[in-house]
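The values are calculated or read from the model by the stated rules, or taken from the named source; none is laboratory data. Since the structure is predicted, the reported quantities are computational estimates derived from the model, not experimental observations. Don't worry about glycine lacking a Cβ; one is built from the backbone with ideal geometry, like all the others, and counts go over all protein chains shown. Quick note on the areas: whole protein, heavy atoms, side chains included, nothing else; ligands and nucleic acids left out. Shrake-Rupley method; radii C 1.70, N 1.55, O 1.52, S 1.80 Å.
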Amino acid sequence: MTLDPDRLFPVENATRSVARDLYSRVEALPIISPHGHVDPSILVEDRPFSDAAELFIRYDHYVTRMLHSAGVPLDRLGIPRVDGSGEQVDPRSVWRIFCENWHRYAGTASGYWLATTLSEQFAIDDAPSAASADSLFDRINTALKTPEFAPRALFSRFGIEVLATTDDPMDDLASHRALAVDSGFSGRVIPTFRPDAYLDPASPGWTHRVETLAAWNGTEAGDYSGYVEALEGRRRYFIDHGAVSADHGVLRPDTAELDAGEAKRLFDGAMSARLSAAEAAVFASHMLLEMARMSVDDGLVMTVHAGVLRNHDTHTFRQFGPDMGHDIPVPTVFAEPLRPLLTRFGNAPDFHLVLFAVDETVYSREIAPLAGYYPAVYAGAPWWFLDAPDAVLRFRAAITETAGFYKGSGFIDDTRAFLSIPARHDMSRRLDASFLAGLVRQGRIDMASAERIICDLVDSLPREVFKL
Amino acid sequence: MTLDPDRLFPVENATRSVARDLYSRVEALPIISPHGHVDPSILVEDRPFSDAAELFIRYDHYVTRMLHSAGVPLDRLGIPRVDGSGEQVDPRSVWRIFCENWHRYAGTASGYWLATTLSEQFAIDDAPSAASADSLFDRINTALKTPEFAPRALFSRFGIEVLATTDDPMDDLASHRALAVDSGFSGRVIPTFRPDAYLDPASPGWTHRVETLAAWNGTEAGDYSGYVEALEGRRRYFIDHGAVSADHGVLRPDTAELDAGEAKRLFDGAMSARLSAAEAAVFASHMLLEMARMSVDDGLVMTVHAGVLRNHDTHTFRQFGPDMGHDIPVPTVFAEPLRPLLTRFGNAPDFHLVLFAVDETVYSREIAPLAGYYPAVYAGAPWWFLDAPDAVLRFRAAITETAGFYKGSGFIDDTRAFLSIPARHDMSRRLDASFLAGLVRQGRIDMASAERIICDLVDSLPREVFKL
Amino acid sequence: MTLDPDRLFPVENATRSVARDLYSRVEALPIISPHGHVDPSILVEDRPFSDAAELFIRYDHYVTRMLHSAGVPLDRLGIPRVDGSGEQVDPRSVWRIFCENWHRYAGTASGYWLATTLSEQFAIDDAPSAASADSLFDRINTALKTPEFAPRALFSRFGIEVLATTDDPMDDLASHRALAVDSGFSGRVIPTFRPDAYLDPASPGWTHRVETLAAWNGTEAGDYSGYVEALEGRRRYFIDHGAVSADHGVLRPDTAELDAGEAKRLFDGAMSARLSAAEAAVFASHMLLEMARMSVDDGLVMTVHAGVLRNHDTHTFRQFGPDMGHDIPVPTVFAEPLRPLLTRFGNAPDFHLVLFAVDETVYSREIAPLAGYYPAVYAGAPWWFLDAPDAVLRFRAAITETAGFYKGSGFIDDTRAFLSIPARHDMSRRLDASFLAGLVRQGRIDMASAERIICDLVDSLPREVFKL
């Protein structure tokens, strides 16, 4: 499991050599992570990670889903049930299950990140296996107790300049405030406004959330204007705490422009549970367009993650809650659903709308043409299942010929797995180098352009797109 | 038309060399063919094939459709009309038409298999053409009269260990029984339960088929419980004759769970032709879920082939019947339609559900995420039009990064063309070697892993997935 | 910005060498352009192009959309508003904006064509930039004043044998007539019948167009038979002026066969504005099938361009009219919508139906299977956003394994940008050479076949498909 210094580069020698050269220009640049799911409290508390299973397995549903697909019940991985009834599991046994199934990760993105992390961070070159499981567990645990593996030390060692988290609109952002005033921490950790559950009346608990918003705002829960005002207020609160973007996860990116009376009528209906499913969807579509309007006003970058059917396995969802690895993509479209939003705001100055998809058919068909026309639209980096070497190269090939390199978002790691951050960004830099090297060798761009582009992709583009 | 020993391997030398090495480990392994359409009577009878046109053209709708696309009427290929009115055609003239159109097959999967078969089995290295047609016809016919070309001799020479056929639920499986008791034949030829036409009330002749089932079961045709019982009984009959799987071909893989009363009500409506198209579809969806329930109970692997609009050209269908090369794929989805089935059985122990598609967008979007989560789900090998070198590599690239190598079905030849079986399996082995060689050369897996994986793909995986 | 003589060829040396060899066989063949959007009056008038901005930017919405996506208002590019209110803009400043944004075109198809054209036609090897903008503008303008850059001189220098334009059915084709009788011009410039706006009652101005048709035909506007007869008559007029094809742009390629009474009823409803949107769509579907019937009768090749949502940005459309770069593709299907048409005419002798798509999922899923069965169907070359190096190779890989090389349309440039024609055809030839070289090196076809195929792709195939 020794790392190939030329990993992910094209196999042909001359092209590989160009890629190596391009990569060397960005290899050591700081990491900008404008969207992800790391829990900021780990940096506030700066406590050592407890063990290898907690660090690499329990909270990484990319990893646990693969073990589940091999027939390992989630209970045996120490994942707690929502009713608290789960058994206690020895972390060492969780780690052992993982090691016994290591061959299942061969060729996967998770396997690549895990191998890179074990090798680079822990100097481990034995592949995980039944035989090596215990010794690897011990070695990792020993390392985790050293100061070098405290979260802040890792943050610094990884060269992270900006790390964005994803947060509930009513979150008090205490962790972000604590880090901002902590003289012992110089990193930039910023929140992201994620209001889905406050916008869609079909979302369980929506009425309660609207009441919470109203209470904070000092208005009546049934007052539509107060509701909108509260959302605007919470966005300002996030901006005051460093936020640069608002993120929106939707099954289908429908948008609709309602007049004030109609919006109010649907809001009233939703609050009194008198809305049909179709009407609720129209209201949610209206609120997505409202979010764009607010972004135009307050400057938050709008990111849209569309096309995932959440919690596909109903029984497992009831037992273990969300984010257990069974969110499944569905066919996605952008052009028609976003038309009301884009006709209204697609040309608005300084409005940035970043589109992410897990249905890759949308890359060449809709995202590139939209990003290649509307000033507001940027093509989001490959998301989720597509955040993997071959898929990233397919993304580049599908997007670039229409939209070029300068209407993309830059790399987004979107991860909960803190330790995988450097491996993911490094993967992206190697793949950009590989893609550009191919263009250079085919005479499609010159080397000077490639050198400029790779630096822009890693550095200036994410700063520009996310207004950092 | 001499065969390149390095055919299908990557062009870059070092990668080609790795591929060659990996291929050498599986080149000679026995052929496991767990799903296909060879007629088992050819092995029972063991009569010589009559001529080159019968062997390569008349029954291979991959081959005839291409000639049809060039304007050759199916009559001229000797394909009989359903009303028996077709003209008699000299096989030599059929073969000549094929040879004159050989350039049309360049770059196609059929062309590759045909070239490989002609070269490997018949030592022919003249390309088919108007000039070579007659001499090739004669050479092939001479060979076919030798004992080496009798079906059983070929079965043995091809190294086929298991060959599955596809059969009507009411088939008496006489051929399979005859082969099983024949001391002169040591191969394993197993039936597959294919009940589509018994499950969907919209299928022509459904009522009659239900009556046949009931008659066999000794129950009333109008008795829903007897209908279900009869299907269970016929599955047991197939299992007793060696079946390991049940196969389901559907336009859309909808599943639904009805309570007993509702199922009975729809069944009654279907039997008395009082069902709307929508109700018939709901009943068929219910029966697909019932098939999963039976698989959970009796252990038959459930395979689903979805997304083909059968018999697109209505006139040709009326004249020549089904399987004439104009079944056309349509957009396919799995995540939502299969949700009822997977929520109920996706985690059932020892349940295997193999998903096949001809809309390749579903590979990275739905099949890999489903196979990478549900223990029951396996990604079926590229099917039909996608069973070709570039498409197979796209499949591997689309599936592996999410689901790895161990949630795939292994190669499936799915062929009616008995002589093409070795060429197809050899193609798959070469492509697996090529794909793995790329990963090795890019530092994504090590050589030891690649060596293990290629053996598993060819040998252990199909045995495990199909419970062989 | 010097052109690599091996541009677009595969990077591996031996494969590159094969590609170079294949390319050399077609490099200098004449250009056949059976579908495009060049204005024929430029050849009639043969006036020098006025300046670099007019030539490369103002009329090329591939180029302007990218500048728009960077935030440059269309006004600043000198694009006139439909109400005539636009400001006058100095062409030099338009050119300067383009040069300042040259990095945005890196890796795009437009960037590749522009670089090739600047280098090959103007011997420019300085990349466009803020620094080089003025001197490039001057150099280009100087060249444009020389006789070598007059439109007819370029037509001849480019080696164009046939150039098809796209024309309104009521166009008098005066330019085509003028060119045909002009003894000073020996090229073949032919019209294409494009009747969309006359077939779909939902098209703005439809009633007026029907009246124009009727007036020409000497029948009543409200007479359905006269309407059909007029369309037949205008097709004959086009045929008499050299037309070989009729082109149809539709959002969805629905076809329907109505009996005469029903067609007449819908026509009457449409003329008196009493038709629902659904009924209008049925009538348009019927007329698309009628167009196929006429093609069967009069021999015009039928081309269908499907799946583009036109004028996505409503505000820009109102200000600047159509073709401003915001036509956005949507998911496209062919198999079901075309079934009525193909069941009726798919096997009609000498009927040619060429299918173009911008949703590339349809290539392997529907277009290749349809072209690989129906004699009438040909796979149209990659269209619009997909007319770019990587996309073209994806097209070849997706189509060839099912439909081979001989059911494709040959290359279609489909361009308004006269000067880009040689660069586009050259790109296609290089890519065909590259794709074939890969097959040769992988032992999938032999060199003699590849040599035959590349000549057929460039020369005989477009002649055959478009009956030239």
Excluding ligands, DNA and RNA, what is the accessible area buried between chains A and B, summed over both sides, using a 1.4 Å probe, to the nearest 100 Å²?
3600
Hey, any idea what % of chain B's accessible area is carbon plus sulfur with a 1.4 Å probe?
51
Computed Kirkwood radius, in angstrom, where 1/r is averaged over Cα pairs of the protein assembly as shown:
33.7
Heavy atoms only, 1.4 Å probe, whole protein assembly: order A:F49, B:F317, A:F418 by accessible area, highest first.
B:F317, A:F49, A:F418
Please check which bits of region A:168-198 a label hung off A:E229 would reach, taking the label as a point 7 Å along Cα-to-C-beta and the cut-off as backbone N under 19 Å.
A:170
What is the distance in Å between the Cα centroid of region A:349-414 and that of region C:398-468?
29
Which order do B:R58, C:R365, B:R396, B:R139 take by accessible area at a 1.4 Å probe, largest first?
B:R139, B:R58, B:R396, C:R365
Given a 1.4 angstrom probe, what's the average accessible area per residue across region A:314-381, in square angstrom?
24
Among bridges DSSP assigns within chain B, what percent are antiparallel (round to 5)?
10
Throw me the Rg/Rh for region B:151-299, computed over C-alpha atoms with Kirkwood Rh, two decimals.
1.04
Would you rank A:H352, C:H241 by solvent-accessible area, highest first, keeping every protein chain in place and using a 1.4 Å probe?
C:H241, A:H352
Kirkwood Rh and Cα Rg combined as Rg/Rh, region B:47-177:
0.99
R0 of 41 Å, Cβ-Cβ distance B:A278-C:L251: FRET efficiency to nearest 0.05:
0.95
Grab the DSSP H runs of chain A that are 4 residues or longer, score each as -39,500 (n - 2.57), total them, divide by all residues and round the 222 nm result to the nearest 500 deg cm²/dmol.
-13500 deg cm²/dmol
Fraction of antiparallel bridges per DSSP, the protein assembly as shown only, in percent to nearest 5
10
What translational diffusion coefficient, in µm²/s and rounded to a whole number, does the Stokes-Einstein relation yield for chain B at 25 °C and a viscosity of 0.890 mPa s, taking the hydrodynamic radius as the Kirkwood radius over Cα pairs?
104
Whole-Hz Karplus couplings 3J(HN,Hα) for region C:353-362, θ = phi - 60° and coefficients 6.51, -1.76, 1.60, Gly and Pro as x, run 10, 9, 9, 10, 9, 10, 9, 6, 5, 7
What residues of region B:384-417 lose no less than 50 Å² of accessible area with every protein chain in place versus their chain by itself (probe 1.4 Å, heavy atoms only)?
B:F385, B:D390, B:E401, B:T402, B:Y406
If a/c stays under 1.5 just call it rounded; otherwise compare a/b with b/c (prolate if a/b is bigger, oblate if not). Do that for region A:369-434, with a ≥ b ≥ c from the square roots of the Cα gyration tensor eigenvalues.
prolate
Throw me the Rg/Rh for region B:278-353, computed over C-alpha atoms with Kirkwood Rh, two decimals.
1.08
Spatial separation of Cα centroids for region C:11-26 and region C:106-155, in angstrom:
28
At 7 Å out from Cα toward Cβ: A:S156 inter-copy label distances (nm, ascending)
7.6, 7.6
With DSSP loop assignment and no more than 16 other C-beta atoms within 10 Å, the trypsin sites (Lys or Arg not before Pro) in region A:261-362 are A:R274, A:R310
For region B:1-91, with every protein chain kept in place, what is the accessible area per residue (1.4 Å probe, Å²)?
43
Skipping prolines and chain starts, which residues have an amide H placed within reach, meaning under 5 Å, of the one on A:S245, given they are 5 or more residues away or on another chain?
A:F193, A:V301
Taking a point 7 Å out from Cα toward Cβ as the label site, list the nm distances between C:G321 and the same residue in every other copy, smallest first.
6.0, 6.0
Express the C-alpha Rg of region B:134-202 as a ratio against the empirical globular expectation 2.2 N^0.38 Å, rounded to two decimals.
1.54
Hydropathy first: keep DSSP H helices in chain B averaging at least 0.0 on Kyte-Doolittle, then drop any whose Cα extent along the axis falls short of 27 Å, and list what survives.
B:277-298
homo-copy label distances at C:R188 (7 angstrom along Cα-Cβ), nm, one dp, ascending, are 6.3, 6.3
